[in-house]
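Step one of this worksheet: look at the structure below.
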Amino acid sequence: MKQQNFFQNIDLIKSNESDPQVINLFSLEEIKDILKFYNDLPLSTFNEKQKIKKKHWILGLNRKMDDFIISKINKVISNWKVDNMYSKEEAFGIFHESFNPIKLHVDTGKDKNKIIYKQILIPLTDTGDTILFEPRWYGPSSTFTIEKDELRKNTGYNLRTNDHIGKLDFDKKFYKKYLNHENYNNLKGLKVKKIYEWKLGEALIFDRTFIHCASDLKKPKTGLTIFFYREKN
Ligand SMILES: [Fe+2]
């Protein structure tokens, strides 16, 4: 894995790592408030091919909602800074509405000096799963593929790479049950760390070094993801 030595402070990143965690964080009323806020936000991207809509939680549009989400984050994560990777404006995470399952990727960012930390996924619909894999990835934000064409073109924010591929065959039973949208050989060397079934009111907190994707369930899903980093001290 050539990409594994991307980060300057890899030991610090590793020292903050932990197992993924599911917590009850919101009431159903609060989820409704977030969805209402989401609906009023301007659309950021609509990718016709991937069938995904994205909106940023732009700070300052609704101070009450800003304070609300910040207080929730403070309850479950400490010493955080928001890593605003995808927006030019000051934003607090990204809403994603997808109609096709999101494929194998990692959200480590592209700043090698950052001490990347946790990301939190807040389901806003109760359909679908997020699957986390090991080994962890210490390279830049990537979409993992073995398709020659995609690797050659390498367009978009994420690097396109096959550098995640390892030696052991992936669990075939699990593949057939959850991951038919992926190429089986694209999972070679990976092991499932966790399968998280989306549930309203919950949040999934996991290290940004986990490679992840959605299960193959083809239903519309909306979620909010916020990415964090840490300062050195
Ligand atoms: Fe992601």
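Every number here is computed from the coordinates shown, using simple stated rules; none is lab data. Predicted model only: the values in this text are computed from it and were never measured. Every residue, glycine among them, receives a Cβ derived from its backbone with ideal geometry; neighbour counts consider all protein chains shown.
Rg then Dmax, both in Å and based on the Cα atoms of the stretch 1-103: 16.4, 46. Relative to the longest principal axis of the Cα atoms of the chain, helix 63-76 runs at roughly 50 degrees. Charged neighbours of residue 197, selected by a Cβ distance under 9 Å, balance to -1 (K, R count +1; D, E count -1).
Within the straight-line cut-off of under 16 Å between alpha carbons, the aspartates and glutamates reachable from residue 221 are 48, 97, 126, 129, 197, 202, sequence neighbours fewer than 8 places apart in one chain being disregarded. Using 0.36 nm per residue and subtracting the Cα-Cα separation, the extra length available between residue 167 and residue 74 on full extension is 29.4 nm. Using a simple spin-label model with pseudo-atoms 7 Å out from Cα toward Cβ, residue 177 and residue 218 lie 2.2 nm apart.
Here each label is just a point 7 Å from Cα along the line to Cβ, and for residue 148 and residue 15 those points are 4.6 nm apart. Straight-line cross-link reach from residue 191 at under 24 Å between alpha-carbon atoms covers these lysines, not counting any fewer than eight positions away in the same chain: 2, 14, 103, 118, 148, 167, 172, 173, 176, 177, 199, 218. Placing +1 on each Lys and Arg Cβ and -1 on each Asp and Glu Cβ, with no other charges, gives the chain a dipole about its Cα centre of roughly 560 debye. By the compact-protein rule of thumb, 2.2 N^0.38 Å, the alpha-carbon radius of gyration of the chain corresponds to a ratio of 0.98.
For the peptides 69-75, 177-183, 92-98, the ranking by packing is 92-98, 177-183, 69-75, with the highest mean count of neighbouring Cβ atoms within 10 Å listed first. Remark on the stretch 89-153: ratio of C-alpha radius of gyration to 2.2 N^0.38 Å is 1.31.
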